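Novice: To start, I am sharing the structure in question, which I have written as structure tokens.
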Amino acid sequence: GEPDSVFGRQVTGPSGVVTKLRKRAWSEQVSIGVACDPERRRSLAPRGLSLRTEVIDPSELGELGALLARTSGPEYAFLRAIERARRARAGDLVVARTSGGRLAAVHFVHDERRRAALERVAPGMYPPMAADEVLTEGVWCRPELRGQGVVPAMLDASLGRLAERGVRRALAIIDLANTRSLRAFRRVGFEPSGVVRLDRRRLGQWRIDFEALDEQTRARWRAATREEARVAGVHVAAGGRVGPP
């Protein structure tokens, strides 16, 4: 189920219950589409770690089930979505491991050949792709390894393999509240693709709409990723407030 919190605060008392019910009845999540040409990615290495990255068939990774059994809250909900995609074999699975063989991070690569399987686990959540495009989605990293550059390094390695396959555009759609993920993707070279996804809940019913990128959403992207833009030598206008990851 959903975590009993609103904007990171524990919900308690009657007012908290009302806020939670209102959120369930009427809410909106804004996600930004980003894209990267795999051949123009920025190569990166994790800080203080040696990683081995490989592309595997989803059926080969049974470790997610054990991780789910030890996880709770929002982390569990996210891992459960990845596990559903794995079981549906909705795409190829990229796995990053430490030098000792321990699972460090994963992400999916979806393409149009797996559209039917993807729609079964994420109906209507992603627009159609061209033959030379893929989705880089379902990114997860072990909590204790976050902040060490693991995800950008994994994305860099998988983008290199995609370039060898002739992929010309890697796409992702990221919740604007997920600052950590926004920064990781921009660090490796992703920029706004011009698409915004709106996930709306109205009286218990979900609706997904795709719209053109607007200036307000672009400004939020810049504010959340301005440090990565400075590192890459990209000028970003000042202003805006970065929320919690």
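Novice: For segment 97-119, does any single residue satisfy the condition of being more than 19 Å from the chain's Cα centre (by Cα), among the basic types (Lys, Arg), loosely packed, with under 13 Cβ neighbours inside 10 Å and under 26 Å from Phe210 (Cβ atoms)?
Specialist: yes
One line per residue, one yes/no per condition, for (1) part of a strand (DSSP E or B); (2) of a type in the set (Gly, Ala, Ser):
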site: Leu135; (1), (2): yes, no
site: Val139; (1), (2): yes, no
site: Glu144; (1), (2): no, no
site: Gln148; (1), (2): no, no
site: Ala153; (1), (2): no, yes
site: Ala170; (1), (2): yes, yes
site: Arg180; (1), (2): no, no
site: Arg183; (1), (2): no, no
site: Arg187; (1), (2): no, no
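Novice: Given the condition at positive phi and among the small types (Gly, Ala, Ser), answer yes or no: does some residue in segment 51-72 qualify? Talk me through it step by step, then tell me what you get.
Specialist: Restricting attention to segment 51-72, the residues satisfying the condition of being at positive phi are none.
No, that holds for no residue.
Novice: Continuing with this model, one more query. Check off (1) surrounded by fewer than 15 Cβ atoms within 10 Å (Cβ to Cβ); (2) touching a strand residue (DSSP E or B) at 6+ places or on another chain (Cβ under 9 Å) for Arg142 and give me the number that stays unchecked.
Specialist: Just one mismatch for Arg142, condition (1).
Novice: It is to be established whether one or more residues within segment 43-61 are of a type outside the set (A, V, I, L, M), under 26 Å from Ala223 (Cα atoms), touching a Phe, Trp or Tyr at 6+ places or on another chain (Cβ under 9 Å) and at pLDDT 90 or above.
Specialist: Initial filter on segment 43-61 (of a type outside the set (A, V, I, L, M)): 43, 46-48, 50, 52-54, 57-60.
Remaining after also requiring under 26 Å from Ala223 (Cα atoms): 43, 46-47.
Going one step further and asking which of them are touching a Phe, Trp or Tyr at 6+ places or on another chain (Cβ under 9 Å), we end up with none.
No.
Novice: Moving to a separate point now. Quickly run through segment 55-92 and pick out the residues that are closer than 18 Å to Cys141 by Cβ, surrounded by 13 or more Cβ atoms within 10 Å (Cβ to Cβ), in contact with a Leu (Cβ under 8 Å, 6 or more places away or on another chain) and among the hydrophobic types (A, V, I, L, M, F, W, C).
Specialist: The answer is Val55, Leu61, Leu64, Leu67, Leu68, Leu79, Ile82, Ala85.
Novice: Output the residues belonging to segment 69-113 that are in a strand (DSSP E or B) and among the polar types (S, T, N, Q). Walk me through it before giving the result.
Specialist: Looking only at segment 69-113, we keep the residues that are in a strand (DSSP E or B), and these are 92-98, 103-110.
The one that is in a strand (DSSP E or B) and among the polar types (S, T, N, Q): Thr98.
Novice: Something else now. Within segment 135-155, identify whether any single residue is over 30 Å from Glu227 (Cβ atoms) and either touching a residue at least 12 places away in the same chain (Cβ under 8 Å) or hydrophobic (A, V, I, L, M, F, W, C) (or both), and answer yes or no.
Specialist: The initial filter retains those residues of segment 135-155 that are over 30 Å from Glu227 (Cβ atoms), namely none.
No - not one qualifying residue is present in segment 135-155.
Novice: A follow-up question, please. Is one or more of the residues making up segment 195-207 more than 16 Å from His110 (Cβ to Cβ), open to solvent by 10 Å² or more (accessible area, probe 1.4 Å) and not in a strand (DSSP E or B)?
Specialist: Yes, because at least one residue in segment 195-207 is more than 16 Å from His110 (Cβ to Cβ), open to solvent by 10 Å² or more (accessible area, probe 1.4 Å) and not in a strand (DSSP E or B).
The values are calculated or read from the model by the stated rules, or taken from the named source; none is laboratory data. Treat the numbers as computed from the prediction; the structure is a model and nothing was measured. Every residue, glycine as well, gets a Cβ built from its backbone with ideal geometry; the counts of neighbours run over all protein chains shown. With ligands, DNA and RNA removed, areas are computed over all heavy atoms of the protein, side chains included. Shrake-Rupley method; radii C 1.70, N 1.55, O 1.52, S 1.80 Å.
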